[in-house]
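In what follows, a structure is listed as structure tokens, so that the remarks can point back to it.
The values are calculated or read from the model by the stated rules, or taken from the named source; none is laboratory data. Remember, it's a predicted structure, so these values are computed and weren't measured experimentally. As a convention, Cβ positions derive from the backbone with ideal geometry for all residues, glycine included, and neighbour counts pool all protein chains shown. Each accessible area value is taken on the protein alone, full model and side chains, heavy atoms only, with ligands, DNA and RNA left out. Shrake-Rupley method; radii C 1.70, N 1.55, O 1.52, S 1.80 Å.
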Amino acid sequence: MSKPKIVVLGAGYAGLKTVKQLQKKNINAEIILVNKNDYHYESTQLHEVAAGTEPASKISFAITSVLDSRKVTFIQDTVTLIKKDDKKVILEKQGELNYDYLVIALGFESETFGIPGVNEFSKPLVNIVTAEACRNYLDQNLANYAKSKDEADLSIVVCGAGFTSIEYLGELTNRLPKLADKLNFPKDKVKITCIEAMPTLLPMFSEKLGTYGVDVLKKRGVEFKVGTPIKELKENTVCYEEDGELKEIKANTIIWTTGVKGSSIVGQSGFAERRGRVMVEPDLTVADYPEIFMIGDVSAVMDTESNRPFPTTAQIALKQGESVADNLAAKINNQATTTFTYKPLGTVASIGNNVGIGNVMGKEVKGYIGSIMKKNIINKSLLEVGSTKTLLKKGRFDYYR
């Protein structure tokens, strides 16, 4: 009798954690991990690459460096479709891949909300490739000012004021002084504008912490436009509504960070989804498909306290990966699966290298202590999805920079 085949799609926090846990269990199964890249990247640090404060190599590592090739087969390929009724995955290069159990952890994509011009006239921030494109785009426009003297080259608009946006602004404002010296542009003429449709900033934090974080960025020169929905992007122009009036900002650098959605493959494959997320069963399986687990950015897990789905964070993705590995082992051993339980430990946002804000285990932190907590969280993640060697090579120990 052949071994049951477990196929895991995606090597982000959720997928890679699942595989690492399965490796430890020594279950009697064939395990296959599929990912379009041969590396894992820490998506919580993409803003650093985009702002130019860290290279992509710092936040990524080879997937095979943490896999046991005797237990796991890695396939570098792109998923194009999931045939859930046939128990098959269609890959771009290798074609059909059968499975007995499937773990879908395909990650996220940029969300445009149907706003015209987003794809044509802005840069999204969703992966290593787009983060490096953001950095090059920024640097080229700032460098061009020495020749053009066009103030639009020194105008930067960040669309959206969510978690990623705030962290990107923190890194960007940290880097600008050195960049001004290097590229020969007047730092005092740089205009950074952040436009947010919602009426409040950083709602995941207390008003006191949120105000502190925003004030740090305002002191560094960031102008916030809150409660001003973006209506359209044109070439080098952001059109938004303020007090019922349409207005425009000229900027040659437009970074799009308004939000994300789950992989479009989920909807294309016929799953009942909303913004690429599927409401899963208590054990993280998909309704009517007990052999399919849906985790990470493509899953929705209800928070009974707020009666809303938990935010898709690295923290919950890692916990889901651990739970799915346990439940897969249970299924293979003909045992009952267990309900996924989750209690957030807190949230920390960096505002550049040495400032952070957060709520950790019910305690609020800010400033330098906040930045230390953020780096410790990054290091913990590297240890969970990577290894001790990964942590030593890629960890954040620059506490005093």
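Determine if region 101-116 includes at least one residue that is in a helix (DSSP H, G or I) and either more than 29 Å from residue 50 (Cβ to Cβ) or open to solvent by less than 20 Å² (accessible area, probe 1.4 Å) (or both). Within region 101-116, none of the residues are in a helix (DSSP H, G or I) and either more than 29 Å from residue 50 (Cβ to Cβ) or open to solvent by less than 20 Å² (accessible area, probe 1.4 Å) (or both). Within region 1-28, being of a type in the set (A, V, I, L, M, F, W, C), modelled with pLDDT of 95 or more and either open to solvent by 10 Å² or more (accessible area, probe 1.4 Å) or within 14 Å of residue 73 (Cα to Cα) (or both) holds for 6, 7, 8, 9, 11, 16, 19, 22.
Among the residues of region 161-187, the ones that are among the small types (Gly, Ala, Ser) and either in a strand (DSSP E or B) or modelled with pLDDT under 95 (or both) come to 2 in all. Per the listing 337, 390, 347, the residue uniquely polar (S, T, N, Q), in a loop (DSSP other than H, G, I, E, B) and touching a residue at least 24 places away in the same chain (Cβ under 8 Å) is 337. Just need a number here: residues in region 350-366 that are among the aliphatic types (A, V, I, L, M) and in contact with a Lys or Arg (Cβ under 7 Å, 6 or more places away or on another chain). Residues flagged as among the aliphatic types (A, V, I, L, M) and in contact with a Lys or Arg (Cβ under 7 Å, 6 or more places away or on another chain) within region 350-366 amount to 1. With respect to residue 283, is the statement that it is among the acidic types (Asp, Glu) and either at pLDDT 95 or above or open to solvent by less than 60 Å² (accessible area, probe 1.4 Å) (or both) true? Spelling it out, residue 283 is indeed among the acidic types (Asp, Glu) and either at pLDDT 95 or above or open to solvent by less than 60 Å² (accessible area, probe 1.4 Å) (or both). Picking from residues in region 49-70 that are polar (S, T, N, Q) and in contact (Cβ under 8 Å) with a residue 40 or more places away in the chain, the one that is farthest from residue 29 (Cα to Cα) is 53.
Conditions (1) open to solvent by 40 Å² or more (accessible area, probe 1.4 Å); (2) more than 22 Å from the chain's Cα centre (by Cα); (3) within 22 Å of residue 355 (Cβ to Cβ); (4) at pLDDT below 95, marked per residue:
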position: 201; (1), (2), (3), (4): no, no, yes, yes
position: 204; (1), (2), (3), (4): yes, no, yes, yes
position: 210; (1), (2), (3), (4): no, no, yes, yes
position: 236; (1), (2), (3), (4): yes, yes, no, no
position: 249; (1), (2), (3), (4): no, yes, no, no
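Filter region 24-51 for residues that are part of a loop (DSSP other than H, G, I, E, B) and under 22 Å from residue 381 (Cα atoms) and give the result. Across region 24-51, the qualifying residues are 36, 37, 38, 42.
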